[in-house]
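Read the figures in this text as sums done on the coordinates, not as results from a lab. What you see is a predicted model; the values in this text were computed from it and never measured. Here the Cβ positions follow ideal geometry from the backbone for every residue, glycine too, while neighbour counts run over all protein chains shown.
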Amino acid sequence: MKNVYIVFALLLFTLCGNSQSVSKGDIALNVNIGAPHLFKGITKLAANSSVFKSNFDGIVEISSIKGTNPIAIKGEYAFDKLFTLGLNYSFWSLSFDVEDHYNAQNVSFGPIYEDSVDIYKIHISSTSYGIRPVFHFPLESPKNDIYIGLGLGITKNNLNINFSSTDAGRFTTIFRRELEVDLSLPGGIYFAPSIGYRHYFVPGFGLNFELGYEKGAIIQGGLVFRFNHKKEIRETQKAKF
């Protein structure tokens, strides 16, 4: 068993010395989109709950929730063959409409009640910025890159609500039928661990896949661009007996 560990250690050392997947000075740029949109599912459950609907006056109708799945742009610079450091930018958004149908008095015609509807157009977005240290596994092929990365930074969230109503009593004047509110929601820490794989079809372009957590996405995929890559030439050493 001891000999197995020794052989494994020597093999790992040899691979590290002959790594060609990353070269010092490489600049790589990932453009990825992730799935699923976890926060879209959470918002759908919350918006259809009785607690949320109890905040309105009448019969509540909620539209389908649409949005942009998590998108991430990750750039990095190689300090050596195994370690790169870069910057991350990631974003997601979602939007839906809430219609509140009720019966209200017409302020223009006295004791006359008519069907009214309040419409809330809700848009939520989340943006993260951070740094990303990455460890690359030593591989012989310059076309393949397997790595482990960790994004760390801050997250900013925003809520935009556009309100309109057929009930004139909702506004200060009968002519004003729309209001818009733009709010900053509490942010938080950006934390995005992942293990990834890149395959380069040509030295400067390839595909990228990652498994981990990125703003609610578990799987990510997209394009990778590589700049300043210097292909290293190594001689095969023959054992002498």
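Odds and ends about this structure:
- Protection proxy ranking of 70-82, 52-64 - average other beta-carbon atoms within 10 Å, highest first: 70-82, 52-64
- Cβ crowding within 10 Å, taken as a proxy for footprinting-reagent exposure, orders V51, V31, V224 from fewest neighbours to most as V51, V31, V224.
- Among the listed pairs K143/K215; K44/K66; K81/K215, those whose Cα-Cα separation exceeds 22 Å are K143/K215; K81/K215.
- Residue-by-residue Karplus 3J(HN,Hα) for region 205-218, coefficients 6.51, -1.76, 1.60, Hz, glycine and proline x: 8, x, 10, 10, 9, 9, 10, x, 10, 9, 6, x, 8, 9
- Within straight-line cross-link reach of K40, aspartates and glutamates at Cα separation under 15 Å, skipping those fewer than 8 residues along the same chain: D97, E214
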